[in-house]
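Visitor: Shown below is the structure under consideration.
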Amino acid sequence: MIVSARIEDRLTLRWSLQTALLGIGELKVLAPLAAPRIAIMRLSRISESKVVRVFKLKAASLFVLVALSIFGCASRPVLRSTPESTPSKQNVSELVPTEFNFAKEFVQFLVNSGWTVQPVRPSKLNGFFTKTQDAAWIETDHGIMEVIFFDNDGDVQQIQISEEGSDIPNYHKYVLKLPTETRRIEASPTYFTKHRNMLIVTIDAQLNKSLNQLLASSQSGRA
């Protein structure tokens, strides 16, 4: 009986050891299976934390950009269109003495057109026609001219200008006729221009050409 009891005890102990060993084996087997789950859980937690951080960083960046945009719009100066300034006209009063006020408009026209004009002086053609006593000697950067001013444009249009023959080379005889009078000019080649209420006289061919171009352009501009 004692022997059998010992045998049973040994068997029971062996069975207990085997069971314990089997339990340890199961743990060893289960441990590798559980490790990936724990790693996945840890990885998912890390990924979630990274996503949260990235989201927070993007949200903060977006907030900064919006704030900068608002600040930039508020601080940006408002551009307002300003009317174009018209070039100031030169006052020709000091170029035209009081006694030559009748020539002021014409001098102003020349200056506005870019011509340089010297102070107006008396003309030898003053009193050339009995119909008017207004004449002015005008010197410009294009040359010198003498201008006879009439009361109206019609008086100028009535003037008929012709040339008589001369035996002297480079000596010309010009006849200027009005319904009420006839006048003559004997000189070197002379150029006459009728414009509005003015009869413009010059011996400078280049000045005559430049002046007629200027008057023609002003007429086309008005048209």
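Computed from the coordinates by the stated procedures, all read-outs in this text should not be read as laboratory data. On a predicted model such as this, the values are computed, not experimentally measured, just so you know. Please note: Cβ atoms are built from the backbone with ideal geometry, for glycine as well, and neighbour counts cover all protein chains shown.
Visitor: So for the stretch 98-222, averaging the separation of alpha carbon pairs under 8 Å that are six or more residues apart and normalising by length, what relative contact order in percent results?
Guide: 18 percent
Visitor: Here is a further query. Bin width 10 Å, origin at 0, all Cα-Cα pairs of the stretch 98-222: what percent of pairs per bin?
Guide: Using 10 Å bins, I get a P(r) of 12, 45, 35, 8, 0 for the stretch 98-222.
Visitor: Here's another thing I want to ask about it. What net charge do the residues around Lys173 carry, taking every other residue with its C-beta under 14 Å from that of Lys173, with Lys and Arg at +1 and Asp and Glu at -1?
Guide: So the environment of Lys173 carries a net charge of -1.
Visitor: Roughly speaking, what is the centre-to-centre gap between the stretch 167-181 and the stretch 88-133 when only Cα atoms are used, to the nearest Å?
Guide: 26 Å
Visitor: For Glu164 and Ile185 in one chain, what is 0.36 nm times their gap in residues minus the Cα-Cα distance, to one decimal in nm?
Guide: Length gained, Glu164 through Ile185: 6.5 nm.
Visitor: Expected output is a single nm value to one decimal: the length gained when fully extending between Thr193 and Thr130, i.e. 0.36 nm times separation in residues minus the C-alpha distance. What is it?
Guide: Separation in residues times 0.36 nm, less the Cα-Cα distance, equals 20.7 nm.
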